[in-house]
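Scroll down for the structure; my scribbles are underneath it.
Every number here is computed from the coordinates shown, using simple stated rules; none is lab data. What you see is a predicted model, and the numbers here were worked out from it, not measured in a lab. No Cβ is skipped: glycine too gets one built from the backbone with ideal geometry, and neighbour counts run over all protein chains shown.
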Amino acid sequence: MAGGTDRRTRGPAARAAVTVRVPAKVNVRLAVGAARPDGFHDLANVFLAVSLFDEVTATPADALTVTCEGPDAAEVPLDRTNLAARAAEVLAARAGREPAVHLHIAKRIPVAGGMAGGSADGAAALLACDALWGLDTPRAELLDLCAGLGSDVPFSLVGAAALGTGRGELLTPVDAGTFHWVFAVADGGLSTPAVFREFDRLTAGTDVPEPACGPALLAALAAGDPDALAATLANDLQPAALALRPRLADTLAAGTAAGALAGIVSGSGPTTAFLVRDAAAAAEVAAALAASGTCRATHVASGPVPGATVLP
């Protein structure tokens, strides 16, 4: 309730079911500052949304429930620790209603793979429940709710290409042409907090610079120039991810040997991302990686693509 008005009566009519498609992300630049007093790190995080999607479908239910399908479905929590479930809860609390919804996740984004799969599902669930319940929540308020759910969730809602500052949740859109990628999925995941702890261990006693994104990378993005972008890709978390999962070095070597312009650990890993010149090169690199025995699966994608989108 707010000012005597029940928010459940606001906005367009509620729908019978809503499906939202939401993309994975790759970090083309992830600069990490020293740990802050609150335990987070300041970031300069250049996100690119790519054409590897999860879909979240919201339908009315007697209580909040979550189901999941896909290659990694067994690794997805189905309780209220799932970001999709938490998104439904925070939106319901804002609207003064119960989170009575069933959320079904069709998952293609690797789990705990450094591609913001959980964050994507949180953003998708937020948008799906907003449409299902007919709330018509202003975009700025949805972004605030996203930021409360996690650092990567706002970008999953927005998509395209953006520079994230603060802990990654403060977004500034950036121009970007189309780029082609191959993603190599590792066996098992990596915990993002564990990777940041390893970053802190590796940088202990050193002068960690303020995170920044150089103009050369932004210019390469805007020009759609894969060679220039390859020369500027960088991830400050990569040494920590490699320390925790040394075999990722073999995957990176296999991808570059197969003709990728550059390879990088995506976010906190363990998925590795390979920038290639075009769709034909992507197919060749993906086949070589699949044959190399250094990864569990490969995905070909391009970007930027839009963020969370309600499907017809």
Added length on full extension, which subtracts the Cα-Cα distance from 0.36 nm per residue, Thr59 to Arg108: 15.6 nm
Cα pair distances exceeding 18 angstrom across the stretch 176-265, given as percent: 55 percent
Size of electric dipole in the stretch 66-160: Cβ of Lys, Arg +1 and of Asp, Glu -1, about Cα centre, debye, nearest 20: 60 debye
Charge dipole (the chain, unit charges on Cβ, about Cα centre) - positive-most of Ala254, Ala297, Gly177: Ala297
Between helix 117-132 and the chain: long-axis angle, C-alpha atoms, 0 to 90°, nearest 10: 30 degrees
About the Cα centre, charge dipole magnitude for the chain (Lys/Arg +1, Asp/Glu -1 at Cβ), debye: 320 debye
Percent of alpha-carbon pairs separated by more than 30 Å within the chain: 32 percent
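Listed highest first by mean packing, meaning other Cβ atoms within 10 Å per residue, what order do 17-25, 99-107 come in?
So the order, starting with the most tightly packed, is 17-25, 99-107.
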Degrees separating the helix 83-95 axis from the principal Cα axis of the chain, which is the longest one: 40 degrees
Angle in degrees between helix 192-203 and the longest Cα principal axis of the chain, rounded to the nearest 10: 40 degrees
Reference-scaled alpha-carbon Rg (2.2 N^0.38 Å with N residues) for the stretch 1-152: 1.08
